[in-house]
Amino acid sequence: MTLKEFFERYGVTLAIVTLAALVVAVLPGNASGSGPRSVKAGASSAISVPGEGSAAAGDGADATGALGGDASSAPGAALATGGRSATGGGGGGTTATTAAGAKAAGGGVQLGVGPCRSDGRMAGIAPYMPPCLSFSGDNGGATARGVSKDKVLVIRYLGQTNPGTQAILTGAQLSDSRATQHTSYDGLRRYANNHYETYGREVVFEDMDASGAPDNDEASRADALKIADEKKAFAVVEGDPGAGVPKVLAQELAQRGVICICATSLSSQFYKENPPYIFSSLPTSTEYARVIGEYVGKRLANHPAKWAGDEQSPLQHFQTQTRKFGLIYVEGANGKVDPEGKRARDAVVAELAKYGVTLSAEYAYLYDPGRNQQDVTNMIATMKAAGVTTIIPLVDPLYPILITKEATNQQYWPEWLITGTGLSDTTTAGRLYDQSQWRHAFGISPLWVTWKDVKQSDGYREMHHGAPEAKPGDEGVLVNIYRSYVQALFIGIHMAGPDLTPDTFMQGMFNYPKTGGTPGVPLVYMNRDYPTMIKDFTEVWYGADVQGNDERGQQGSGMVMKVDQGKRYLSGSWPTTEPKAFVPDNAIATSDNPPGGGSFPHEQDGHTHPGRCIHCT
């Protein structure tokens, strides 16, 4: 089956898998409370929480390993302990004002007062709400492009998608119409305006259609110019996750000083090469590589490939052989090489080398519907000929479906290392792979223990509280994806203080307190080198015969299981003991009340929804 034939047959499922991954954009957290403290936000200053804030890392620093160990303690003790507060190394922004009584630009901020939860966070559903504070006075008016006294303009960018595929997705109720997307985003926006501090300004969205295809760089540059100079927007969020925001557009926006909540899992080098105005949720490819190297080096290297599929190929004898590793990675699409693919490959090779591990084979491919089958045939033949027992895939969401099928065609059953990239760590994707292959898959994931019932998810609940007139179904099937962009945007605005500029937004994101580290609440913090959110990982394996709901709540066979009920590890803290792959005891896939807790009730401490925003007049 060619990729074109596959896409025509399975386009609906594939697109949903691609979209499902975006649900993982979370900002988990909780905090311990404290009494009121006055902090007046001066010009060019962001909110800095007294206490242990986000871990700063300069260029080249190990942002994850710097914390060490399992970060399972409640963060935000920050608000009470008076520890350090980071300014985010690497330059590119202003330093946050932390001293009480600092000269203000007319507005005052008080930490620990206002619509607060008992844990010191803003009253709201998510455990990762930002620190509680209240504002009074003058917000400074027009502090930046797209910011006025009473409004912040944000563009909801709607990329181009294939019309035929979109029609299939909509008809199968596996995607949302533009009208549903608009309704869902607006409910989330209304909720956020009334639960995050926006300093008297209502955050408003304006939709903008892309002028060209995602691989049309000239169209992306023209769109960036229009957003910055004609629409004069403060920020951009992805409006259609299936289409996304092209990397070139994100770069061009950053060069023009426009915040972009977009781009996923690019290298730390990419973020440092561009102005510090691009943020997203999943770890950078640099961080993925670090954890892959540690997991392989500490737990797999120099041991037999005990989970390979010898029972399916009795002549294979991998289970008694010392592991030999092979790397498959995507380095571009449609004949165009993307340097980010090579950077990810080089990072993995370098991290493996730290543990004395070398590759027995590697294969790079370009995602290209015109040549895919030959690529897939060649890559599996290459791995098999080299005697690779364990494949490390850094791939796009589609190729594993074809790759695993081809491995079976060639009577080759290796171990498959789940790297957390290309949706390989999702149940939704795993069910699409050849099950005789994927039952030998295990590894690492930055994802958390997800909900059993989507109606219990933060996105569903926040949208319906923001739009109480909405009926069930109006939120759309992708509400948790939309929510991830809205949440990141509002955290940055909240943490920026009343003097909202691209620099204070950036600094506010870097000052967001280190938060999470439990099975349902991944550890989150950001800095200049690593401006993406999730920093810790969990060990996973694929239970081909386990029944349950996938990330969309669909019942079926095959579940990604999380070891030790989802216990999480930072880089540098993985044990040297044998992995607990395929051990059902104490493994968990989904839970509406995960270990360590989950979300909160909607109303805390009697807070109300005053209107357009908390302090809008």
With the first residue restricted to segment 489-503 and required to be under 10 Å from Ala144 (Cα atoms), and the second required to be of a type in the set (Ser, Thr, Tyr) and open to solvent by less than 20 Å² (accessible area, probe 1.4 Å), Cβ contacts under 7 Å at 6 or more apart or on different chains are Asp499/Ser45
May I ask you to list the residues in segment 120-157 that are open to solvent by less than 20 Å² (accessible area, probe 1.4 Å) and charged (D, E, K, R)? Arg121, Arg156
Checked pairs for segment 130-148, first polar (S, T, N, Q), second modelled with pLDDT under 95 and open to solvent by 10 Å² or more (accessible area, probe 1.4 Å), C-beta under 7 Å and 6 or more apart or across chains, list as Ser134/Gln110; Ser134/Val113; Ser134/Gly114; Ser136/Gly108
So, in segment 519-539, of the ones that are of a type in the set (S, T, N, Q) and at pLDDT 95 or above, which residue ends up nearest to Thr264 (Cα to Cα)? Asn527
Applying the selection to segment 424-435, what residues are in contact (Cβ under 8 Å) with a residue 60 or more places away in the chain and buried (at least 24 other Cβ atoms within 10 Å of the Cβ)? Asp425, Thr426, Thr427, Ala429, Gly430
Can you tell me which residue among Val258, Val248, Val237 is surrounded by 24 or more Cβ atoms within 10 Å (Cβ to Cβ) and not basic (Lys, Arg)? Val258
Considering every residue within segment 131-143, establish whether at least one is at pLDDT 90 or above, part of a loop (DSSP other than H, G, I, E, B) and either within 13 Å of Tyr196 (Cα to Cα) or in contact with a His (Cβ under 7 Å, 6 or more places away or on another chain) (or both). yes
Given (1) modelled with pLDDT of 95 or more; (2) not in a loop (DSSP other than H, G, I, E, B), Leu500 misses just (2)
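Which is over 13 Å from the mean Cα position of the chain (by Cα) and hydroxyl-bearing (Ser, Thr, Tyr), of Tyr288, Tyr277?
Matching residue, one of Tyr288, Tyr277: Tyr277.
Looking at Thr421, is it surrounded by 23 or more Cβ atoms within 10 Å (Cβ to Cβ), modelled with pLDDT under 95 and more than 18 Å from Arg552 (Cβ to Cβ)?
Yes: the conditions hold for Thr421.
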Looking only at residues in segment 208-224 that are open to solvent by 60 Å² or more (accessible area, probe 1.4 Å) and charged (D, E, K, R), which one is farthest from Asp186 (Cα to Cα)? Glu218
Residue pairs, Cβ under 8 Å, 6 or more apart or interchain, first in segment 234-249 and on the phi > 0 side of the Ramachandran plot, second in a strand (DSSP E or B). List them. Gly244/Glu238
Going through segment 576-613 one residue at a time, which ones are open to solvent by less than 30 Å² (accessible area, probe 1.4 Å), among the β-branched types (Val, Ile, Thr) and under 19 Å from Gly187 (Cα atoms)? none
For segment 383-409, how many residues meet the condition of being open to solvent by less than 50 Å² (accessible area, probe 1.4 Å) and either without any contact (Cβ under 8 Å) to a residue 40 or more places away in the chain or of a type in the set (Val, Ile, Thr) (or both)? 13
Among what's in segment 532-575 and is of a type in the set (Lys, Arg) and either in contact with a strand residue (DSSP E or B) (Cβ under 7 Å, 6 or more places away or on another chain) or closer than 30 Å to Phe510 by Cα (or both), pick the residue that is surrounded by the fewest Cβ atoms within 10 Å (Cβ to Cβ). Lys567
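Quick grid of which residues meet (1) in contact (Cβ under 8 Å) with a residue 12 or more places away in the chain; (2) among the aliphatic types (A, V, I, L, M); (3) within 17 Å of His440 (Cα to Cα):
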{"position": "Phe270", "(1), (2), (3)": "yes, no, no"}
{"position": "Tyr277", "(1), (2), (3)": "yes, no, no"}
{"position": "Thr284", "(1), (2), (3)": "yes, no, no"}
{"position": "Glu294", "(1), (2), (3)": "yes, no, no"}
{"position": "Gly297", "(1), (2), (3)": "yes, no, no"}
{"position": "Glu311", "(1), (2), (3)": "no, no, yes"}
{"position": "Gln319", "(1), (2), (3)": "yes, no, yes"}
Exactly one of (1) of a type in the set (A, V, I, L, M, F, W, C); (2) more than 30 Å from Asn378 (Cβ to Cβ); (3) part of a loop (DSSP other than H, G, I, E, B) is unmet by Ile493. Its number? (3)
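If the requirement is being at pLDDT 95 or above and assigned to a loop (DSSP other than H, G, I, E, B), which of these qualifies: Ala233, Ala250?
Ala233
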Please go through (1) touching a residue at least 40 places away in the same chain (Cβ under 8 Å); (2) open to solvent by 20 Å² or more (accessible area, probe 1.4 Å); (3) in a helix (DSSP H, G or I); (4) β-branched (Val, Ile, Thr) for Val349 and return the number of the only condition it doesn't satisfy. (1)
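The values are calculated or read from the model by the stated rules, or taken from the named source; none is laboratory data. What you see is a predicted model; the values in this text were computed from it and never measured. Counting neighbours? That spans all protein chains shown, and the Cβs are built from the backbone with ideal geometry, glycine included. Note: accessible area is taken over every heavy atom of the protein model, side chains too, but ligands, DNA and RNA are not part of it. Shrake-Rupley method; radii C 1.70, N 1.55, O 1.52, S 1.80 Å.
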